[in-house]
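Written out below as structure tokens is the structure these notes cover.
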Amino acid sequence: MIVLGIDPGTAITGYGVVCTDADSGLAKSVHGAPRLIECGVIRTSPRAELASRLQDIFEGVTELIERHKPDALAVEDVFFARNVRTTVVLGHARGVVLLAGARAGVTIHEYAPALIKKTVVGRGAATKEQVQFMVARLLRLKTAPQPADAADGVACALTCVMSAGTAALRLRIAG
């Protein structure tokens, strides 16, 4: 299974692509552990109009979907900032990410920021540095993904992978 994780933002949108098995046509992951395929960020110009920035995010996510053909798209849910405008603008960024996934017919999963941190780090109030450290540990990387937004995108993808594994285990136990 290939999962594209997205940490939306209008200035920087972090992403991570994680593979969990050999069915994807890629090399088998080590000891069944998830494997990082790619991570990075989509940057928009801070001087550009919001509509132009949203178009850049949409095109960037669409290109990632076309290139990696993920089975699932994991998107960080909106958090409620003290500044209402920040929350609303973040909602716009999430909207174009969700649109890109829906247009491509990819299964979409949304996760609250605290759930992502709890799943990856074990603590819902984890710092960005703790998330980066645990992403590197879980994926057996020599260094943590940079910048922190990329690690957040990978953490979102890992949350989807780990949630899928938990759901499959529950089905086996119940069956």
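Mind checking the full-extension length gain between A102 and A114? Use 0.36 nm per residue of separation minus the Cα-Cα distance, one decimal, nm.
That works out to 1.9 nm of additional length.
Out of the DSSP beta bridges found with both residues in the chain, what percent are antiparallel (nearest 5)?
For the chain, the DSSP antiparallel bridge percentage is about 60.
Along the charge dipole of the stretch 64-144, Cβ charges K/R +1 and D/E -1, which of V89, I65, P113 sits furthest on the positive end?
Selected residue: P113.
Need the full-extension length gain, E63 to H92, defined as separation in residues times 0.36 nm minus the C-alpha distance. One decimal, nm.
This chain segment gains 8.6 nm when fully extended.
Taking neighbour counts of Cβ atoms within 10 Å as a proxy for exposure, in what order, fewest first, do D152, D71, D7 appear?
Details: D152 31, D71 17, D7 28.
Starting with the residue having the fewest Cβ neighbours, the order is D71, D7, D152.
Are there DSSP H segments in the chain that both extend 24 Å or more along their axis (alpha-carbon positions) and score a mean Kyte-Doolittle hydropathy of at least 0.5? List them, or say none.
Span-like helices here: 84-104, 148-174.
Please give every one of the aspartates and glutamates within straight-line cross-link reach of K118, meaning a C-alpha to C-alpha distance under 20 Å, and leave out same-chain neighbours fewer than 8 residues apart.
D7, E76, D77, E110, E129, D149, D152
For G9, enumerate residues with amide H under 5 Å from its amide H, sequence gap 5+ or separate chain, H modeled in the peptide plane.
Placed amide hydrogens put G14 under 5 Å from G9.
Mind checking which of A136, A164, A150 has the largest fluctuation in a GNM of the chain, springs on alpha carbons under 10 Å?
A164
So for L64, L50, fewest C-beta neighbours within 10 Å to most, what's the order?
On the way: L64 22, L50 12.
The order, fewest Cβ neighbours first, is L50, L64.
With the contact rule set at Cα under 8 Å and sequence spacing of 6 or more, what percent relative contact order holds for the stretch 2-174?
The value is 31 percent.
Rule-based calculations on the coordinates, nothing more; no lab input. Note that this is a predicted model, so its numbers are computed, not measured. Virtual Cβ from ideal backbone geometry, glycine too; neighbours counted across all protein chains shown.
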